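These notes concern the structure reproduced below.
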Amino acid sequence: MLDSRPAEPLFKTTVVDRRVALRAWPLVQISHPGVSLEDWLSFAIATGRRLGKTGGVVAIEDSRGYIHALFVWNVLRTVADRRAMRITDMIVAALPGHQLAETIVEAIHKVANQGGANSVLIETGDRQWEPEMLLSDGYEQFVLHCMRITRGREAHA
């Protein structure tokens, strides 16, 4: 008999605490080989505490608990009294398919809504991505760019 239950998603989003930060260490190490484990743990934990409901560190993990992507987010008030969300420190593992990219976009939309953001700016290296990028099929280009940054850092290690 066929099982009619919906399939479990390949990836889920989780807030980075000390336990998750430890599991994310291999991904961080590939992207930033000069950063020590202690520095990473200190950064991840302090960022979560400091930002609280207006920001934090988010990880994308599979059902086995392996971390495949992460990013730092924070919501700031602009001069026009709007709320802008800024994404930094994006690290994305190179995986085939679209599911990881789609999960990252969903996570960004979720935290933007949670923070009441009117706009989103994603900083990756020396490039900035506008919110329209997230609303188009161009998210693949965005995620591929993040992967190139990660692989480029790995090659320089």
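Each residue in segment 99-123 was checked for being acidic (Asp, Glu) and free of Cβ contacts under 8 Å to residues at least 12 places away in the same chain, and 0 pass.
Would you mind stating whether Ile30 is free of Cβ contacts under 8 Å to residues at least 40 places away in the same chain, more than 11 Å from the chain's Cα centre (by Cα) and surrounded by fewer than 19 Cβ atoms within 10 Å (Cβ to Cβ)? Break it down stepwise before answering.
Details: free of Cβ contacts under 8 Å to residues at least 40 places away in the same chain: no; more than 11 Å from the chain's Cα centre (by Cα): yes; surrounded by fewer than 19 Cβ atoms within 10 Å (Cβ to Cβ): yes.
For Ile30, the condition - free of Cβ contacts under 8 Å to residues at least 40 places away in the same chain, more than 11 Å from the chain's Cα centre (by Cα) and surrounded by fewer than 19 Cβ atoms within 10 Å (Cβ to Cβ) - is not met.
Conditions (1) under 13 Å from Thr13 (Cα atoms); (2) modelled with pLDDT of 90 or more; (3) crowded, with 20+ Cβ neighbours inside 10 Å, marked per residue:
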position	(1), (2), (3)
Phe43	no, yes, no
Ala46	no, no, no
Arg49	no, no, no
Ser63	yes, yes, no
Ala80	no, no, no
Ala84	no, no, no
Pro96	no, no, no
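The single condition among (1) assigned to a helix (DSSP H, G or I); (2) closer than 16 Å to Leu27 by Cβ; (3) at pLDDT 85 or above that Ile108 does not satisfy is (2).
Answer yes if at least one residue in segment 1-14 is outside any strand (DSSP E or B), of a type in the set (A, V, I, L, M, F, W, C), at pLDDT 95 or above and over 22 Å from Ile108 (Cβ atoms), and no otherwise.
Our first condition is that a residue be outside any strand (DSSP E or B); within segment 1-14, this holds for 1-10.
Applying the additional criterion that residues be of a type in the set (A, V, I, L, M, F, W, C) yields 1-2, 7, 10.
Add one more test, that the residue is at pLDDT 95 or above, and what stays is none.
Among the residues of segment 1-14, not one is outside any strand (DSSP E or B), of a type in the set (A, V, I, L, M, F, W, C), at pLDDT 95 or above and over 22 Å from Ile108 (Cβ atoms), which makes the answer no.
The values are calculated or read from the model by the stated rules, or taken from the named source; none is laboratory data. Predicted, not measured: the structure shown is a model, and the values here were computed from it. Here Cβ is always computed from backbone atoms with ideal geometry, including for glycine, and neighbour counts include all displayed protein chains.
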